[in-house]
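The next block holds one structure in the form of structure tokens; read it before the comments.
Read the figures in this text as sums done on the coordinates, not as results from a lab. The structure displayed is predicted, hence computed values, not measured ones. Positions of Cβ are generated from backbone atoms using ideal geometry, with glycine treated the same way; all protein chains shown enter the neighbour counts.
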Amino acid sequence: METIPVELWQEILLRASTKDVARSCCVSTQWRDIVRDPSFRKLHHDRHATAHDVPDALLVATYNIDSQRVASVFPVEPAAVSPTSSTRTATAPICRVNHMEGYRIANICNGFLCFASHSTAKAIVHNPVTGERLEVPRAPRLPPDQDNARSPVTFALGFSPNNCVYKLFRFTNRTMDVYTLGRGAESTGWRRHALPLHPRNLVESKPAVVIGGKICMATIGPAPYRHPADNGTPGPVLVVDVAHEEPCTYSPPDYGLPWEDAAVSVFELHGRLCLAIRTERMIQFWTMPVEEDDDDQPWQLLYKFKVVDDEIIRFNQFQRLVPMSAWLDGHTNTLCYREGNNVYRKYVGTTTATVRRFSSTKVVIMSWDSKICLPVASSSLSSFQWDIYAGYRPTLLSPLTFASGQHEEDDNKCDLFIRSLLRTLRSQKSQKCRPSPTSAGCTNAKRICCINPRGF
């Protein structure tokens with residue numbers, strides 16, 4: 001191995017997956033030094049960030065430990081855990097993020113988890129592999145008509161594969177604030193754009209997904225035959241081009257039951273935008289490619305599942321808040337759908353990757369292969385919260401790479417004073433004794449020095 005040039009090993013490791021590269025650190029000190037090089041990690045990230053492999057799903061649980069809010073991250077797929085691992089090791093978290101008071105996960109973008117605090121308008125970008133986190137400067141204050149509890153606020157981290165740039169977005173029904181991560185020419189702070197969504201509302205409980213350099217978010221529209229303030233039907237999908245910071249909307253699919261209330265979830269399916277629409281008696285999965293100038297392309301119905309009688313629900317303002325998510329298990333090619341404490345699974349193979357856009361084949365009603373009943377948290381775990389998030393592609397890139405180096409303008413005044421106080425004390429302590437000014441040739445001149453008298 002010593003006869004092979006380092007450049008050749010570097011090129012070989014650049015072609016390996018993130019998980020294989022992470023394991024290669026145990027092969028030799030030479031490989032470990034290559035993988036630890038920040039320039040190698042940046043090159044590896046840029047090469048694999050645009051890969052079309054199936055992303056993983058993560059279980060993120062938040063709870064209190066010694067009066068501190070902690071977020072633990074676990075892999076959902078059993079294949080992500082080594083079969084030789086013990087029970088304790090297999091259930092160990094990938095990482096734990098401390099000091100999460102007031103924060104909740106906003107979305108997952110490639111290998112980064114974005115946590116946001118709506119009350120403080122701050123966000124944290126965390127990499128579970130490296131365990132490093134980056135605190136993004138506070139977002140600007142909202143206009144008075146939007147700074148209230150009734151106005152939904154949603155954060156999302158986006159990525160542009162064209163220029164390999166990450167941007168943090170904050171959405172309301174009327175504005176969109178953007179912050180570019182990094183030291184580039186665009187990283188000049190937050191900037192605001194208009195975002196007219198009214199009368200439709202963002203769905204705060206549904207995380208955004210990033211597909212092909214575009215952020216996709218679900219909205220909810222007015223319910224038919226009701227008061228205009230009532231929401232109950234899927235609204236247009238908000239799609240934002242990360243590179244150009246240009247928003248647009250895709251009309252929702254015609255799921256055939258416009259008079260019924262419905263819940264919607266957005267996720268990625270083989271590089272396409274996919275909507276899971278849940279009505280009282282049906283669950284439908286619609287897909288559309290996310291490409292340039294594709295806002296007029298039709299939706300395509302992929303799967304349709306009938307809800308059995310004992311699981312029929314009637315949507316109201318409380319039942320619509322039941323956790324709902326969907327993802328594709330790439331290890332088993334299984335479509336997974338979670339609703340509350342139940343997870344449904346259906347083997348779909350790899351046919352969805354090559355499905356035709358304008359197929360006229362009628363979609364038949366299918367049934368789930370299996371149903372998993374999840375344990376219910378006891379009432380003593382009132383502070384325990386968890387959910388499943390899809391779209392995770394591990395990376396070795398440190399989020400500290402995007403640190404702008406600028407201090408936040410809203411630093412606490414006490415912290416600023418403490419820094420000034422310590423700076424002054426330490427500078428005085430480092431000074432050495434100096435002789436007092438005397439005339440040349442004087443041998444009995446007094447000297448000023450710091451003496452620690454004995455006996456005191």
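Numbers for the structure displayed
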{"item": "Cross-link pairs beyond the 28 Å C-alpha cut-off, checked among Lys42/Lys346; Lys304/Lys371; Lys206/Lys371; Lys19/Lys371; Lys206/Lys306", "result": "Lys42/Lys346; Lys19/Lys371"}
{"item": "Mean separation of Cα contacts under 8 Å, 6 or more apart, over the residue count of the stretch 1-51: relative contact order %", "result": "33"}
{"item": "Estimated dipole of the stretch 1-51 in Debye, rounded to 20 [Cβ of Lys and Arg +1, of Asp and Glu -1, Cα centre]", "result": "260"}
